[in-house]
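Undergrad: Below is one structure. I have some questions about it.
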Amino acid sequence: MNGSKGIIKKLGMAVCVIAIVASSTLWLYSHHKSANPAPITTAATTIAPATTPVTTDNWQSYQIKNGDTLASIFAQYKLPQTSLLAVEKLRSLHLRNLHPGDTLNFLIKQNNLISLKYDLDARRYALITLSNDIAHLSIIDKPITSNLLFKSAVIAYSLQSAAYQAGLTKTMSAELREIFQNHANPALTAHKNDHIEILYREYYIDGKKYKPGDIVAAELIHDNKKQLVLRYQDPVNSDGYYTANGRSIDPLFLPYPVQFKRISSRFTHHRLDPYLHAWRAHLGVDFAADRGTPIRSIGNGRIDFIGRDGGYGNAVKVHYGRYYEALYGHMSRFAKALHNNEYVKKGEIIGYVGSTGWATGPHLHFSFFVDGVPEDWLSLPLPRADGISNHYLSAFEATERELARTLQQDEPKPTKVAQNTNTKNVK
Ligand SMILES: [Zn+2]
């Protein structure tokens, strides 16, 4: 068959058109700041319609009815028996049964069946092509189209509710809150009456929304200071959000390795050890939790040690990059299939709370080392994840310039009069 993958091009990066429409209501609002309560004002967005590839071929659609068989349908189109047999053979081998309501698409030339296609699910369709009465089947991913959209809002109550009322989905609104309520980056904290501008991408298959959108860039304007955050994915690492200078906004570590009930012992160089009944330094934090509570790796790292470690009982040591190391002690058991030198992910379960070693009750002993020196985890500022590596910095900067320009273009201009807008005021 002809390489249909080539015909159906991935349109994921389809050219996107953003109509810039000024929002007069936003302008009104910004000039009547005394208005109370502050309304959420949404700048309008216009979606360029997701285009389907224009084809000169004349496909005919048939919706399967109750009582239809492939034979009866082929007979209606006066298609030769040989085509039917070829298709039947393929279909019974590879494909699900068709049901009433499903649509078959035929490409017929001079009473000969050239191709037949039908949806397998929302993501894929089957394409059967015939040549010399031999049918070939390909299963093809439907092209995903996307549009870049713009929204802006003034935060009346919370960033999340402003984003939601501006028209972002619940998921995206929550994602936005995560971005701007990030204890690793106090500068990004959103305040009441801040202005937020959001560029996001929506995805479509067959013109229908197909998955939750992605926030591509967001700019928070607080006291006339702009904080730009943008999403970037380099060819090697998973994507993340970065500030304009290419620093990651994600904290490198989870705040806590375990869901604990209370902190039963803090970091100190001097304490009465409840087990040894002697004055000892406690160079870690004890998190009291029920036996069996999962213990998670605070970051992406490599296991240095897993096994029995004296007073720490069942313990795991994990190295996080060049500078950091953590020790997790008193585990009842380890997570399955963990070995020395193995990589663990941030949030991955490495073991379960117990009281092995010198422990009077179930808790996690957690020590954190910076350059080999134990530090108090609870008072340590959380380091951020790595920024964009030098290798991809210029590509990142190009993306950033483009997004910053788009955001700027989309800023509502008070001089323009809104036309054809879907601007709405939400109380
Ligand atoms: Zn301890």
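Undergrad: Looking only at strands (runs of 3 or more DSSP E) that lie completely in segment 259-314, which have at least 2 residues being without any contact (Cβ under 8 Å) to a residue 60 or more places away in the chain and closer than 12 Å to H330 by Cα?
TA: Of the strands (runs of 3 or more DSSP E) lying wholly inside segment 259-314, those with at least 2 residues that are without any contact (Cβ under 8 Å) to a residue 60 or more places away in the chain and closer than 12 Å to H330 by Cα span 301-308.
Undergrad: Okay, next question. Can you confirm whether D304 is surrounded by fewer than 18 Cβ atoms within 10 Å (Cβ to Cβ), acidic (D, E) and within 13 Å of the ligand (Cβ to nearest atom)?
TA: For D304, the condition - surrounded by fewer than 18 Cβ atoms within 10 Å (Cβ to Cβ), acidic (D, E) and within 13 Å of the ligand (Cβ to nearest atom) - is not met.
Undergrad: Please give the number of the condition V285 fails out of (1) buried (at least 17 other Cβ atoms within 10 Å of the Cβ); (2) over 16 Å from E375 (Cβ atoms).
TA: Result: V285 passes all but (2).
Undergrad: Only one residue in L116, L90, L84, L168 is in contact with a strand residue (DSSP E or B) (Cβ under 8 Å, 6 or more places away or on another chain), closer than 19 Å to I64 by Cα and not in a strand (DSSP E or B). Which one?
TA: Sole residue among the options that is in contact with a strand residue (DSSP E or B) (Cβ under 8 Å, 6 or more places away or on another chain), closer than 19 Å to I64 by Cα and not in a strand (DSSP E or B): L90.
Undergrad: Let me confirm something: among L148, L120, L116, which residue is under 30 Å from E88 (Cα atoms) and surrounded by 21 or more Cβ atoms within 10 Å (Cβ to Cβ)?
TA: L116 is the lone residue from the list that is under 30 Å from E88 (Cα atoms) and surrounded by 21 or more Cβ atoms within 10 Å (Cβ to Cβ).
Undergrad: Scan segment 282-295 and tell me whether some residue there is more than 11 Å from the ligand (Cβ to nearest atom) and small (G, A, S).
TA: The answer is yes, given that some residue of segment 282-295 is more than 11 Å from the ligand (Cβ to nearest atom) and small (G, A, S).
Undergrad: Of the conditions (1) under 26 Å from H330 (Cα atoms); (2) more than 16 Å from the ligand (Cβ to nearest atom), D250 fails just one. Which one is it?
TA: Evaluating D250 over (1) under 26 Å from H330 (Cα atoms); (2) more than 16 Å from the ligand (Cβ to nearest atom) leaves (1) as the failure.
Let's see how each residue does on (1) surrounded by fewer than 18 Cβ atoms within 10 Å (Cβ to Cβ); (2) free of Cβ contacts under 8 Å to residues at least 12 places away in the same chain; (3) in the same structural domain as R231 (by TED's automatic domain parsing):
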| position | (1), (2), (3) |
| --- | --- |
| I128 | no, no, no |
| A162 | no, no, yes |
| A174 | yes, no, yes |
| K192 | yes, no, yes |
| Y204 | no, no, yes |
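Undergrad: With respect to the numbered conditions (1) modelled with pLDDT of 85 or more; (2) more than 15 Å from the ligand (Cβ to nearest atom); (3) surrounded by fewer than 20 Cβ atoms within 10 Å (Cβ to Cβ); (4) more than 24 Å from the chain's Cα centre (by Cα), which one is the sole condition not fulfilled by G313?
TA: In the conditions (1) modelled with pLDDT of 85 or more; (2) more than 15 Å from the ligand (Cβ to nearest atom); (3) surrounded by fewer than 20 Cβ atoms within 10 Å (Cβ to Cβ); (4) more than 24 Å from the chain's Cα centre (by Cα), G313 misses (2) alone.
Undergrad: Looking only at segment 380-390, decide whether some residue is assigned to a helix (DSSP H, G or I) and more than 16 Å from the ligand (Cβ to nearest atom).
TA: yes
Undergrad: What is the one condition in (1) away from the ligand (no atom under 16 Å from the Cβ); (2) of a type outside the set (S, T, N, Q); (3) closer than 17 Å to L254 by Cβ that R322 does not satisfy?
TA: Here R322 clears every test but (3).
Undergrad: Condition first: within 36 Å of the chain's Cα centre (by Cα) and crowded, with 18+ Cβ neighbours inside 10 Å. Now tell me which residues in segment 100-113 satisfy that.
TA: L104
Undergrad: Within segment 192-234, work out how many residues are at pLDDT below 85 and part of a loop (DSSP other than H, G, I, E, B).
TA: Counting residues in segment 192-234 that are at pLDDT below 85 and part of a loop (DSSP other than H, G, I, E, B) gives 2.
Undergrad: Hey, can you tell me all the residues within segment 283-302 that are within 19 Å of D376 (Cα to Cα) and charged (D, E, K, R)?
TA: D286, R296 - these are the residues of segment 283-302 that are within 19 Å of D376 (Cα to Cα) and charged (D, E, K, R).
Undergrad: Just for strands (runs of 3 or more DSSP E) wholly inside segment 329-377: which have at least 2 residues that are within 11 Å of the ligand (Cβ to nearest atom) and modelled with pLDDT of 90 or more?
TA: 363-370
The values are calculated or read from the model by the stated rules, or taken from the named source; none is laboratory data. Because the structure is predicted, anything quoted here is derived from the model rather than measured. Neighbour counts run over all protein chains shown; Cβ positions are idealised from the backbone, glycine included.
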